[in-house]
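The values are calculated or read from the model by the stated rules, or taken from the named source; none is laboratory data. Fair warning: this is a prediction, and the values are worked out from it, not measured in the lab. All Cβ positions, even for glycine, are placed from backbone atoms using ideal geometry, and neighbour counts span all protein chains on display. What goes into the accessible areas is simple: the full protein's heavy atoms, side chains included, and nothing from ligands, DNA or RNA. Shrake-Rupley method; radii C 1.70, N 1.55, O 1.52, S 1.80 Å.
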Amino acid sequence: MLATIQSLRSVAPTVKSASLTSCVRLLATQTAKARQSDEDYVVKTRQLFHDNRPGLPRFVVQGETVKPILNPSRFYSEMKDHIGKAQKSITLAALYLGHTENDLVEALSEALRTRPGLKVNLLLDSLRGTRDSGKGSSASLLYPLLKAYPNQVRISMYHTPDLSGLLKQVMPPRFNEGIGLMHMKVYAFDDTLIMSGANMSHDYFTNRQDRYVMFKNKDISEYYCDLVKAVSDLSYGLQDKGDTFQLKIGNGIPDPVEHSKAFKKHATKTMRAFMKKWASVQQSPKDDSYDTTLYPLIQMGPLGIRQDERVTLSVLDHVLHDQELEGAAKAFITSGYFNFEKRYSQSIIHAKAANVGLIAASPEANGFFNSAGISKYIPPAYTLIEQRFFNDVREAGNADRIKIEEYARKGWTYHAKGLWVYPPHSDLPVMTTIGSPNFGYRSIVRDLEAQLFLVTSNLGLRKSLHEELSNLRKYTYPVTEETFKAPDRQVPVWVGGASRAIRTML
């Protein structure tokens with residue numbers, strides 16, 4: 001109601017002699033034009049994805065079947081609830097499972113016990129999933145599940161082929177994870193899919209803010225389950241070895257450590273076959289209620305697969321540099337790690353047709369804040385990268401157009417990533433991304449990533465996506481020149497050189 005009154009006030013001065021009825025009619029006309037403008041923007045955006053073929057599947061769903069989840073505790077509740085309801089299959093892919101997540105494993109065990117036909121497929125990263133700090137690892141936690149239900153459970157550990165030979169021998173645990181990881185986050189339960197950037201551990205279920213979007217749709221769920229299966233087929237399998245477990249590569253699959261080049265060739269062929277298979281899926285709306293289009297993408301730099309990178313660059317160019325539009329679009333981009341790849345960074349810095357809001361983690365909200373050893377210098381490294389970006393924006397004369405905010409919430413860390421796009425003159429987004437990429441170098445060249453672009457004209461979903469972004473921004477503050485002058489933001493000189501040297505690992 002307040003928005004309507006404010007709109008009437010803005011209209012009234014232009015029609016001083018008009019009656020209230022005339023004002024209402026004028027407001028209705030302007031509202032209709034705005035809706036048409038939004039629709040035109042949606043059509044143009046969908047055409048952009050069509051132009052980015054070949055190799056890009058298209059799924060069309062009803063907006064009412066898509067729901068953002070706003071906080072980590074609700075994400076955990078949804079996971080537990082859907083584990084309890086799944087009848088046919090559960091697919092879980094993440095960097096790792098926290099070694100204390102006994103309740104989640106127990107929920108899986110109970111589901112398997114009560115439903116003998118249920119199949120569970122878990123995909124984790126081999127380096128992170130076997131890292132043992134003395135209290136156990138993902139693999140040791142999951143081993144009893146495999147032992148109890150060998151015919152229902154598959155546990156796979158993907159190992160990057162870029163860590164092999166002498167490098168594999170000399171790099172210690174944790175540091176070796178900088179070479180490359182299986183970073184996809186996919187949670188599917190029968191015909192329900194949750195796409196996220198969150199891993200499966202206590203902090204991601206309590207006080208580490210990420211993003212999570214739930215889709216109730218068989219087709220898109222099937223796509224991501226098939227993606228996880230394809231990567232699982234290229235991974236080490238967790239196997240029972242009597243009183244312990246072992247990791248073993250599948251028959252006919254070159255070992256990624258011992259035969260890195262052969263593995264890359266085989267894995268690239270496998271994943272390109274996956275892409276070709278799903279590229280043929282080009283759904284069209286069944287009726288007007290199918291108002292939301294989904295474009296799933298993958299990025300696997302070590303295998304030469306750069307789908308997400310190519311499309312993201314194209315979208316940024318469309319959103320930030322299309323000067324044919326009347327008025328400026330708005331784009332919000334967030335990442336828990338402020339380290340944009342150079343082409344992404346340059347596209348943002350020199351934006352001509354959109355206002356851009358960037359949301360990053362404050363040093364205190366960085367997961368490495370006050371960590372042990374040399375990793376405690378990671379937040380200062382991100383501060384330095386952010387400051388360089390801030391200065392580059394000013395030098396480009398774009399400081400009024402591009403703003404940076406930092407997330408700071410007492411006792412919380414920040415891990416959200418994604419893009420929201422608002423058409424000119426609109427207060428609601430029509431596009432977002434959801435998935436694991438951080439827009440950084442390692443997302444492009446080192447890790448395996450799963451992304452999803454969503455374009456919608458559904459008013460309810462657009463409001464929900466706006467609410468999701470607003471929920472994140474409740475805990476942000478603007479970054480200014482004074483931010484980097486604060487005593488606690490002073491970065492040791494050596495960190496500057498080190499951050500440049502390892503930037504592709506951050």
Fill in the blank from the handout: Under the 7 Å Cα-to-Cβ spin-label approximation, residue 151 and residue 342 lie apart by a distance in nanometres of 5.6
Fill in the blank from the handout: note: region 63-221, Cα-Cα separations exceeding 20 Å make up a percent value of 51
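Lys and Arg at +1, Asp and Glu at -1: add these up for the other residues within a Cβ distance under 13 Å of residue 223 and post the number. Intermediate values should be presented prior to the final figure.
Values: positive: 58, 218, 229, 277; negative: 191, 219, 222, 226.
Around residue 223, the surrounding residues sum to 0.
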Completion exercise
Labelled set [x] 1.32; [y] 1.20; [z] 1.01; Cα Rg over 2.2 N^0.38 Å computed from this model equals the value at [z]
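For region 198-307, rounded, prolate or oblate, judged on the Cα gyration tensor with a ≥ b ≥ c (square roots of eigenvalues), a/c < 1.5 rounded, else prolate if a/b > b/c? Don't jump to the answer; show the numbers that get you there.
On the way: a/c = 2.25, a/b = 1.37, b/c = 1.63.
It is oblate, given that a/c is not under 1.5 and a/b is not larger than b/c.
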Fill in the blank from the handout: Between the alpha carbon centres of region 262-296 and region 346-405 the gap in Å comes to 33
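Treat every Asp and Glu Cβ in the chain as -1 and every Lys and Arg Cβ as +1, leave all other atoms uncharged, and give the resulting dipole magnitude about the Cα centre to the nearest 20 debye. Intermediate results must be reported in sequence, preceding the final value.
Values: 64 positive and 52 negative charges, 87 e Å.
That gives a dipole near 420 debye.
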Completion exercise
In order over region 160-171: 3J(HN,Hα) from phi, Karplus 6.51/-1.76/1.60, θ = phi - 60°, whole Hz, x for each Gly or Pro, gives 4, x, 7, 10, 8, x, 5, 4, 5, 6, 9, 7
Exercise for the section: Run through the DSSP bridge list for the chain and note the antiparallel percent, rounded to the nearest 5. Expected result: 65
Handout entry: Among 300, 76, 438 - extreme Cα towards positive end, dipole of the chain, charges at beta-carbon
Key = 300
Completion exercise
Expressed in square angstrom to the nearest 10, the accessible area of residue 295 with a 1.4 Å probe stands at 10
Completion exercise
Residues meeting the amide H criterion for residue 306 (H placed from the backbone, H to H distance under 5 Å, 5 or more places apart or on another chain) are 300
Exercise for the section: May I have the pair-distance distribution P(r) for region 331-439, computed from all Cα-Cα distances with 5 Å bins from 0 and rounded to whole percent? Expected result: 2, 12, 20, 23, 19, 13, 6, 2, 1, 0
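Grab the Cα-Cα distance for residue 280 and residue 459, subtract it from 0.36 nm times how many residues apart they are, and report the gain in nm with one decimal.
Details: separation 179, 0.36 × 179 = 64.44 nm, distance 2.92 nm.
Contour length minus the Cα-Cα distance gives 61.5 nm.
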Problem - Phi to ³J(HN,Hα) by Karplus 6.51 cos²θ - 1.76 cosθ + 1.60 over region 495-503, Hz, x for Gly, Pro - result: 5, x, x, 5, 5, 5, 5, 10, 4
Handout entry: Probe 1.4 Å, accessible area per residue of the chain, Å²
Key = 44
Problem - Under Karplus coefficients 6.51, -1.76 and 1.60, residue-wise ³J(HN,Hα) of region 106-117 in Hz, glycine/proline x - result: 5, 5, 5, 4, 5, 5, 5, 5, 8, 10, x, x
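Under the classification rounded if a/c is under 1.5, otherwise prolate if a/b is larger than b/c and oblate if not, where does region 384-506 fall, given a ≥ b ≥ c as square roots of the Cα gyration tensor eigenvalues? Can you show the working numbers first?
Working: a/c = 1.90, a/b = 1.46, b/c = 1.29.
Here region 384-506 falls in the prolate category.
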Exercise for the section: Rounded to the nearest 500, what is the 222 nm mean residue ellipticity of the chain from helices alone, with -39500 (n - 2.57) per DSSP H run of 4+ residues and division by all residues? Expected result: -12500 deg cm²/dmol
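Accessible area of region 429-506 with a 1.4 Å probe: how many percent of it is carbon plus sulfur?
Details: 1830 of 3170 Å².
Looking at region 429-506 in its full context, I get 58 percent from C and S.
So for each of 304-313, 146-155 I average, over its residues, the number of other beta carbons within 10 Å; can you give me the resulting order with the highest mean first? Mind showing how you got there, number by number?
Details: 304-313: 19.3, 146-155: 17.0.
Descending packing order for the listed peptides: 304-313, 146-155.
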Exercise for the section: Go through 465, 382, 354 and say which Cα lies farthest out towards the positive end of the charge dipole of the chain; charges sit on Cβ, +1 for Lys and Arg, -1 for Asp and Glu. Expected result: 382
Problem - Positive minus negative residues near residue 152 (Lys, Arg vs Asp, Glu; Cβ under 10 Å) - result: +4
Fill in the blank from the handout: For residue 328, the residues 5 or more places away or on another chain with a placed amide H closer than 5 Å to its own amide H are 425
